[in-house]
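K.L.:
Before we start, here is the structure in question, set down as structure tokens.
Here, each number is a calculation from the coordinates, and none is a lab measurement. Please read these numbers as outputs of a predicted model, since none were measured by experiment. Virtual Cβ from ideal backbone geometry, glycine too; neighbours counted across all protein chains shown.
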Amino acid sequence: MQVYRGMDIGTAKPTPAERAVVSHHLIDIADPSDEFSVAAFKSACAHALDDIEARGHRAVLVGGTGLYVRAIIDDLEIPGQYPEARLSIEDDPNTIRLHQRLSGIDPVAASRMEPTNRRRVVRALEVSIGSGRPFSSFGPGLDRYPDTGFRLIGLRAPRVEIDRRIATRFRQQMEAGWLDEVRALQTRPTGLSRTAAQALGYRELLAHLDDEWTLEAAVDRGITRTRQFARRQERWFRRDPRIDWIDADDGHNVLARFGDRLED
């Protein structure tokens, strides 16, 4: 979500001072009214990596969004977008029924996802119907972990500590003017795209501005949703056997512990 211009506080975007010390890439490359897909991210990231390496430097890919990380490190084949097919699919609010429909079209893809995971079910149906190819034909699936040229390092912390940090950071962002940032985005003539409006915390604060929730309820829901996302992140990355895990508080020793491997 840091790709979006104007979405600074809520995405914990690096400050200009921080970016002056360490170069950051893929920041502020999209308008909040734009739909930004994993395919667009992969293309932009590939260009950035090529540029960095051409200058004799090496990149550190910092990620929390699992699919976007995998798209880069495993060079995933990303299916196209089929908006007409998607619109007809999203008309059906019953996700279980959509999963059953997917089972008839692409049983392999259906077996790889939870029947209640609406986002994945809708996407698999969209691609299968729109492209005329089974969704599963676009790769071996995310449950395979092939060799990669990237060194993968994960930071771990107790869940209670992660929960505490999420709540603390959310409230600090509110004190830094997050609500005003969301209000400014809401009043833009071009509005927010579907992807931008779903960003953690933004969706809840937008609902508050639309008088759906009190501010306190919006903050509580935003914190809860962020914690739920953190759980999903943990489960996603824990499945990857290629990741070397270290304690988050020991992160400053990462180069000492893995420097020889990073230089391979």
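K.L.:
By per-residue mean of other Cβ atoms within 10 Å, what is the highest-first order of 195-206, 69-80?
P.N.:
Averaged packing, sorted descending, gives the order 195-206, 69-80.
K.L.:
Can you tell me the length gained on complete extension of the stretch Val38 to Gln81, counting 0.36 nm per residue apart and subtracting the Cα distance?
P.N.:
Length difference between fully extended and current span is 14.4 nm.
K.L.:
Taking only the alpha carbons of the chain, what extent do you get along each of the three principal axes, in Å, biggest first?
P.N.:
If we take the Cα atoms of the chain, the spans are 52, 49, 37 Å.
K.L.:
Using only the alpha carbon atoms of region 198-248, find the Kirkwood hydrodynamic radius as the inverse mean reciprocal pair distance, in angstroms to one decimal.
P.N.:
Answer for region 198-248: a Kirkwood hydrodynamic radius of 12.6 Å.
K.L.:
FRET efficiency for Gln186 and Val160, Cβ-Cβ distance as r, R0 = 35 Å, nearest 0.05?
P.N.:
Values: r = 34 Å, r/R0 = 0.98.
Using R0 = 35 Å, I get an efficiency of 0.55.
K.L.:
Where a ≥ b ≥ c are the square roots of the eigenvalues of the C-alpha gyration tensor, would you call region 83-138 rounded, which needs a/c under 1.5, or, failing that, prolate if a/b is larger than b/c, or oblate?
P.N.:
Taking the square roots of the gyration eigenvalues as a ≥ b ≥ c, region 83-138 is oblate.
K.L.:
Seen from all sides and averaged, what is the projected area of the convex hull of the Cα atoms in region 36-141, in nm²?
P.N.:
Projected over every direction and averaged, the Cα hull of region 36-141 covers 7.3 nm².
K.L.:
What is the distance in Å between the Cα centroid of region 138-215 and that of region 53-90?
P.N.:
17 Å
K.L.:
Sticking with the crude label model, points 7 Å out along Cα→Cβ, report the distance from Val60 to Ala46 in nm, one decimal please.
P.N.:
2.6 nm
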